[in-house]
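Let me begin by presenting the structure, written as structure tokens, before commenting on it.
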Amino acid sequence: MIQLFHVTKKYAAATPALSDVSLHIEKGEFVFLTGPSGAGKTTLLRLLFRDEIPSAGQVLVRNENIATMPRRRVPGLRRQIGVVFQDFKLLPRKTVFENVAYATQVIGMPPREQRARTYQVIEMLGLNHRLHNYPEQLSGGEQQRVAIARALVNRPLILLADEPTGNLDPDLALEIMTLFKQINSHGTTVLIATHDREMIRRMQRRVIALENGMLVAGGDTMAELPAGGRA
Ligand SMILES: Nc1ncnc2c1ncn2[C@@H]1O[C@H](COP(=O)(O)OP(=O)(O)OP(=O)(O)O)[C@@H](O)[C@H]1O
Ligand SMILES: [Mg+2]
């Protein structure tokens, strides 16, 4: 589903954000991406939906090289990928309902289905009582759940989440992880960037670790997991 071959990503700075990273994530996997601040986690996620392109190497999503993909195919790629950003990126002048429904509008979903899917996912995330509130009227955890609802509403093949539990109390964080697990059990490939070691320990899934832009563990599918290491 996701393959990186010797991927290097340089921004302006001399040291690259990612250096020679190779990894493979299979369809249906649930994987954590971890590493200290600045290790390159967000950069790696951004490469996957072509928010950035690699400076060297190849990024393949569903066997398609995202760097050489023609521009007209990019919306199609993004339709398959739900993204929960580190800073949520909610639209401040839209309500909860509108923020989530907007994601269905931009892909041209028929209006009746837009409404049905939006209500469904908002209910799933326990946000019914917040439908007509604006982001600034919500708590951090509620905003996070709106961001997750928006990422899920189009039923993506791949879910990318950048520190999705960063602002949540432990109970809510666990609830969100349970939800991700549920989504994963329906076949969505899930990749979560997080610092949260306790969460990683609890979940018992594959962990890809980055340090200073280099892959230090977990690049191969399942191969490095100890026996019985997968819940
Ligand atoms: N748009 C950008 N322009 C220039 N440098 C960037 C950009 N984005 C990230 N970097 C740099 O690339 C490196 C990796 O950053 P990245 O955001 O991928 O790390 P991270 O692992 O997500 O960190 P955090 O845990 O703090 O979110 C850092 O040194 C950062 O300063
Ligand atoms: Mg980051």
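Output wanted: per-residue J couplings in Hz (rounded whole) for the stretch 196-211, from phi through Karplus 6.51 cos²θ - 1.76 cosθ + 1.60, θ = phi - 60°, x for Gly and Pro.
Ordered by residue, 3J(HN,Hα) equals 6, 5, 4, 5, 4, 5, 4, 7, 6, 10, 4, 10, 9, 10, 10, 9 Hz.
List the chymotrypsin sites (Phe, Trp or Tyr not before Pro) within the stretch 1-73 that fall in a DSSP loop (any state other than H, G, I, E or B) and whose Cβ has at most 14 other Cβ atoms within 10 Å. Spell out each step's value before the answer.
Working: sites: PHE5, TYR11, PHE30, PHE32, PHE49; in loops: TYR11, PHE49.
Hits after loop and neighbour filter: TYR11.
Note down the magnitude of the dipole of the chain about its Cα centre, charges +1 on Lys and Arg C-beta and -1 on Asp and Glu C-beta and zero elsewhere, to the nearest 20 debye. Show your work: numbers first, answer last.
Values: 29 positive and 22 negative charges, 175 e Å.
Approximately 840 debye in magnitude.
Using amide H atoms built 1.01 Å from N in the peptide plane, name the residues 5+ places from VAL216, or on other chains, whose amide H lies under 5 Å from its own.
ALA209, LEU210, GLU211
With charges set only on the Cβ (+1 for Lys and Arg, -1 for Asp and Glu), what does the dipole of the stretch 92-169 come to about its Cα centre, in debye to the nearest 20?
Working: 9 positive and 8 negative charges, 78 e Å.
For this selection, approximately 380 debye.
Per-residue HN-Hα couplings for the stretch 5-16, Karplus 6.51 cos²θ - 1.76 cosθ + 1.60 at θ = phi - 60°, whole Hz, x for Gly and Pro?
After applying 6.51 cos²θ - 1.76 cosθ + 1.60, I find 10, 6, 7, 10, 10, 10, 8, 5, 4, 5, 7, x Hz.
In the structure displayed, which of LYS41/LYS89; LYS10/LYS181; LYS10/LYS41; LYS10/LYS94; LYS94/LYS181 lie more than 25 Å apart, Cα to Cα?
Numbers: LYS41/LYS89 18 Å; LYS10/LYS181 33 Å; LYS10/LYS41 14 Å; LYS10/LYS94 35 Å; LYS94/LYS181 29 Å.
Going by Cα-Cα distance, LYS10/LYS181; LYS10/LYS94; LYS94/LYS181 fall outside the 25 Å limit.
How would you order 61-73, 96-108 from highest to lowest mean count of nearby Cβ atoms within 10 Å? Let's see the in-between values first.
On the way: 61-73: 12.5, 96-108: 18.7.
Peptide ranking by packing, descending: 96-108, 61-73.
What is the Cα convex hull volume of the stretch 36-183 when expressed per residue in Å³? It would help to have the intermediate numbers written out before the result.
Values: hull volume 19.0 nm³, N = 148.
Dividing the Cα hull volume of the stretch 36-183 by its residues yields 128 Å³.
With the cut-off at 1.5 for a/c, could you classify the stretch 1-81 from its C-alpha gyration tensor as rounded, prolate or oblate? Don't skip to the end; give the middle numbers.
Numbers: a/c = 1.77, a/b = 1.26, b/c = 1.40.
Oblate, because a/c is 1.5 or more while a/b does not exceed b/c.
So if each residue of separation counts as 0.36 nm, and I subtract the Cα-Cα distance between ALA56 and PHE5, what length gain in nm does that give?
Net length gain for the segment: 17.5 nm.
All of the numbers you see were taken from the coordinates with simple rules; none came from a lab. Since the structure is predicted, the reported quantities are computational estimates derived from the model, not experimental observations. As a convention, Cβ positions derive from the backbone with ideal geometry for all residues, glycine included, and neighbour counts pool all protein chains shown.
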